[in-house]
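Chemist: The structure follows.
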Amino acid sequence: MNRTPVTSSNVASVGYDPNTMTLEVEFRNGSVYQYFDVPETVYQDLMSASSVGTYLNQNIKGSYRYAQV
C-alpha cells in the first residue's frame, strides 16, 4: 500500500485502500499498523487534521480492529 508522509512527531506516513477500507499507519519508531473497516471520510479527516497523532488517538485507536504488520 502506498503511504503519504505526514507532519507529525509520532506518525511517519499514512496510507488508505478504499477497496478494503484499510488504513495503514507507519510510526516514526518503524512499526506499521493496519486498521480495518475505516470509512474513507475518517481517512480524509485524519489527513486534514491539525494534529495527525491526536486525531489518530481520539478517533481511530480503540475504535477499529487493527493488526501490526
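Chemist: Name the shape class, rounded, prolate or oblate, that the alpha-carbon gyration tensor gives for region 12-54, where a ≥ b ≥ c are the square roots of its eigenvalues, rounded holds for a/c under 1.5, and otherwise prolate holds if a/b is larger than b/c and oblate otherwise.
Modeler: In terms of gyration-tensor shape, oblate.
Chemist: Can you send over the solvent-accessible area of Ser9, 1.4 Å probe, protein chains only, in Å² to the nearest 10?
Modeler: 120
Chemist: For Ser13, enumerate residues with amide H under 5 Å from its amide H, sequence gap 5+ or separate chain, H modeled in the peptide plane.
Modeler: Val6, Glu26
Chemist: Per residue of region 45-59, what does 6.51 cos²θ - 1.76 cosθ + 1.60 with θ = phi - 60° give for ³J(HN,Hα)? Whole Hz please, x for Gly and Pro, Karplus curve as stated.
Modeler: Result, rounded to whole Hz: 5, 4, 5, 9, 5, 5, 9, 4, x, 5, 4, 4, 5, 8, 10.
Chemist: Another question about this same structure. Nothing charged except the Cβ atoms of Lys and Arg (+1) and of Asp and Glu (-1): what's the magnitude of the dipole of the chain about its Cα centre? Round to the nearest 20 debye.
Modeler: 220
Chemist: Same structure, new question: Suppose only helical runs count, i.e. DSSP H with n ≥ 4. What mean residue ellipticity at 222 nm does that imply for the chain under -39500 (n - 2.57) per run, divided by all residues and rounded to the nearest 500 deg cm²/dmol?
Modeler: About -7000 deg cm²/dmol.
Chemist: What accessible area, in Å² to the nearest ten, does a 1.4 Å probe give for Arg3?
Modeler: Counting only protein heavy atoms, the figure is 80 Å².
The values are calculated or read from the model by the stated rules, or taken from the named source; none is laboratory data. In this text, all values refer to a predicted model and were calculated from it rather than measured experimentally. Note: ideal-geometry Cβ built from the backbone for every residue, glycine included; neighbour counts use all protein chains shown. Remember, those area values only see protein heavy atoms, side chains included, never the ligands or the DNA or RNA. Shrake-Rupley method; radii C 1.70, N 1.55, O 1.52, S 1.80 Å.
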